[in-house]
1. Could you work out [θ]222 nm for the chain from helices alone, using -39500 (n - 2.57) per DSSP H run of at least four and dividing by all its residues? Round to the nearest 500 deg cm²/dmol.
2. For region 2-159, what relative contact order do you get, as a whole percent, if you take Cα pairs closer than 8 Å and at least 6 residues apart?
3. Per residue and in cubic angstrom, what volume does the convex hull of the Cα atoms of region 172-223 have?
4. Below 8 Å between Cα atoms, with a sequence gap of 6+, how large is the relative contact order for the chain in percent?
5. Below 8 Å between Cα atoms, with a sequence gap of 6+, how large is the relative contact order for region 172-223 in percent?
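Bear in mind these aren't lab numbers, they're just calculated from the coordinates by the rules spelled out. Everything quoted here is computed from the prediction, not taken from an experiment.
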């Protein structure tokens, strides 16, 4: 467990379990704080009320917890080879971040900011990149608060980005739950077939929508184009494979469906600003 205080009433904890056994972590948190728990890899669960209630932490999901009526201490059971990043911020500090545009954040409205609020969302590819940077950061203790402050603000911006949230009121197309199901099916298809993904027309036909509705719906739900989302996913998969140090660059490019390693290297550099080889050297140092 690595805890860094960013400023008064605002801190981040990195929970990492690289062992074969489940690890337990505990941190006292009073009721004036909001908690975000990003499960970047693996799984675990949070226990409440002396173990009578468990909240599962699933891979690539984030849980938001806020209960102004009672403390919610962090009692984390983290499975083997798992990692969780937790942000803890006072409601006063948090509200200050959004004071000019809090109306679109449901639980910050005057009618709701004294009520408990729980939410679970998927970690987007863009959020996953920031989380990986936080987990892998190898920086001096003296600049940790500054580095993490920048990354946490970026993470919160992505989490509350209006364009990435499913906003049914602003998108009548998504009122139809069947259309939402079809769009999610489209995401499953392109991820399962990422080495040879279908064309937009083929994908639209497979899920039973026209191309225009597929493109609009996918952008509304996932905040990106179909193939933009797929590229982000593939690049994050590439980073994960490089982190394991079990694959060389040619093997990764083949697994991700690139015809040549040079195409993969070019895509990786465009996404992260460095080559896979240099990235691998940085995580190995």
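1. Mean residue ellipticity, 222 nm, calculated: -13000 deg cm²/dmol.
2. Normalised by residue count, the contact order of region 2-159 is 29 percent.
3. Details: hull volume 3.4 nm³, N = 52.
Given the Cα convex hull of region 172-223, per-residue volume reads 66 Å³.
4. Answer for the chain is 15 percent.
5. 38
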